[in-house]
1. Quick one: how many residues across the stretch 209-241 are farther than 21 Å from residue 156 by Cα and touching a residue at least 40 places away in the same chain (Cβ under 8 Å)?
2. Run down 459, 542 and say which single residue is assigned to a strand (DSSP E or B), modelled with pLDDT of 80 or more and over 30 Å from residue 412 (Cβ atoms).
3. Can you name every residue in the stretch 134-156 that is touching a strand residue (DSSP E or B) at 6+ places or on another chain (Cβ under 8 Å) and modelled with pLDDT under 75?
4. Filter the stretch 177-190 down to residues that are assigned to a loop (DSSP other than H, G, I, E, B) and touching a strand residue (DSSP E or B) at 6+ places or on another chain (Cβ under 9 Å) and give me whichever is farthest from residue 226 (Cα to Cα).
5. Would you confirm, using the coordinates I've provided, whether residue 80 is more than 18 Å from residue 131 (Cα to Cα) and touching a residue at least 60 places away in the same chain (Cβ under 8 Å)?
6. Among the residues of the stretch 102-112, are any touching a strand residue (DSSP E or B) at 6+ places or on another chain (Cβ under 6 Å), exposed (fewer than 13 other Cβ atoms within 10 Å of the Cβ) and more than 30 Å from residue 652 (Cβ to Cβ)?
7. Which of the residues spanning the stretch 550-573 are part of a strand (DSSP E or B) and over 24 Å from residue 711 (Cα atoms)?
8. Considering only residues that are in a loop (DSSP other than H, G, I, E, B) and touching a residue at least 12 places away in the same chain (Cβ under 8 Å), look in the stretch 666-686 and name the one that is farthest from residue 611 (Cα to Cα).
């Protein structure tokens, strides 16, 4: 039997169950089995109270595979008779329908086995469903709490709190003190109510010692539970201290807020204009400043002690004050702290100091060409962020990051103690990290000045070490030490970073070079028109295919380098920039077709009547581009506007994502003047798919003709992550460091050259 746990204070509900895999079949604790495709298991939760929505769902099973998996759905009802449609049940539920939390709630959850495999079984182990409850929240005026009930008070103000010194609670029904059976608790948030502290008893000791970040906003909630057997009324709860109220009505009300120490409700109130009005006869129950803070105070702390505020400081007191301009003392302290920190946390290295050889002086350029290693020594050095560059090349599908430089610090005091006061780090120096077996050389060195413009340490910019013929060991001992370090190893092993091409190199030149031998296209029949498509200062495209230049639904462009074998574990990432000339009812605008209609194998993507239809073998998925919302018109695509379409077919995660972007302008002619290249997302949707596989030998992908212009057609072997969309879609050239790129077609004109005899 499932467990239902509710927390009225936090406003949460959790429904969970754990099955016993050893229990006998037919018992309530027995594990549900799914033996064949389309086997179902349904569980019902009845008569749930005060539920506003469910937000999260998770479960665990045994026996899942790529060919054997579960899909889950849910439906809701308020009477157990009339039900909603079945909705997809996701890990984070973002499609829960709007319901009245005052109605009872009935929920059904259904699991269905899917997949091609007829072998094996799937066993359900556990599940958990989390949601939110309607809370009895009061945000103002006098709060009345009947016996055996709990009320949540949510003050409407937002503060920056610097310290809290006292607490006062005012109750018109209990002027001499609150009942002992009254439970008062509080919690606070400093991230806009996304997370809250644990509930704690509301006492002066607790509230004045809580660790509050004065930089972040502060919100508080109170929970009051009445176990006293009589009605209790709370007029006000005030936190007294140093604060900044950031709400617009900061002085319009004194209900459940924070008050400055001498302006609490114990001494008066504020009028509608924000002026403080003293009131000696105001109810003094509830413990004021200096009282107990638990409702039992006598109000004696309501007055403020102003003695000593106007006393002048004596000369002796002035002399004992901290002088921020005593630079010597502060600089020495900073130097000592930096040295101590480096000795404790620094990395031990062998540092080799170089010195220019006067024999190698270039009088023309006024610089030295030859350097000698004059001395070496063990020092401690710290790395910025304590992060060494990885020995591997870091990449994602669409970018490559190589180690270039890293930053290190070495204190001036330590360097001069070891190498002498006359020396300092210089460009040709190099160093060996003992504990990680890495050698680096100094690319740049400078004194770093911060506090009072004093230089405590050197900042070194390190790069990969390379042997240079112009840098020689100055002594036999230094040469022997270098030989020992580099014995039986190579420079690449010593460094741990592979030699690679320059990151900025442009490759995949087939994307933009006029071609005599076309490695991408089998043929193209569509006319290629020159048109500059710009986004800010970036050129997106220089030409496009006019698909209206050939007969409707005939082959406009065909390609020859797409793998004919597609497996259930393969993914597809596809993008294309398109511009519809005439948006005609029922006309089909084809983005890509690698589909054999005779066998119903392959995939294709097409636009028609404000919907995009994706066909995967015999399955069809329809994405509506014009969702209706209350009080608004549907939003479709506009003619003569450049859009970018992104399709991700993620078979490994059984989902398909679609995105449509445009340049961030309402009028196309304004695009070149944009300050940034950020694109405007006009559409996004996701659907669950059933993985497919096919084999299409001698069947080439193609784009079919329609009244549309397209360019920048890209095909990838993996999905295009959303966080790189803006970068990829703005690129005219896709770099060769994307190993997932199948082809990139920029609508480049083929170059036809005359043929000449070889021996003419």
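The values are calculated or read from the model by the stated rules, or taken from the named source; none is laboratory data. Quick caveat, the model's predicted, so the values are computed rather than measured. Note that each Cβ is placed from the backbone with ideal geometry, even for glycine, and that neighbours are counted across all protein chains shown.
1. Residues in the stretch 209-241 being farther than 21 Å from residue 156 by Cα and touching a residue at least 40 places away in the same chain (Cβ under 8 Å): 7 in total.
2. Exactly one residue qualifies, and that residue is 542.
3. Passing the criteria: 135, 136, 137, 138, 139.
4. Per the criteria, the residue is 190.
5. Working: more than 18 Å from residue 131 (Cα to Cα): yes; touching a residue at least 60 places away in the same chain (Cβ under 8 Å): no.
Criteria not met by residue 80.
6. Checked against the condition, which is being touching a strand residue (DSSP E or B) at 6+ places or on another chain (Cβ under 6 Å), exposed (fewer than 13 other Cβ atoms within 10 Å of the Cβ) and more than 30 Å from residue 652 (Cβ to Cβ), the stretch 102-112 yields no hits at all.
7. Hits for the stretch 550-573 are 565, 566.
8. Filtering the stretch 666-686 for residues that are in a loop (DSSP other than H, G, I, E, B) and touching a residue at least 12 places away in the same chain (Cβ under 8 Å), the one farthest from residue 611 (Cα to Cα) comes out as 675.
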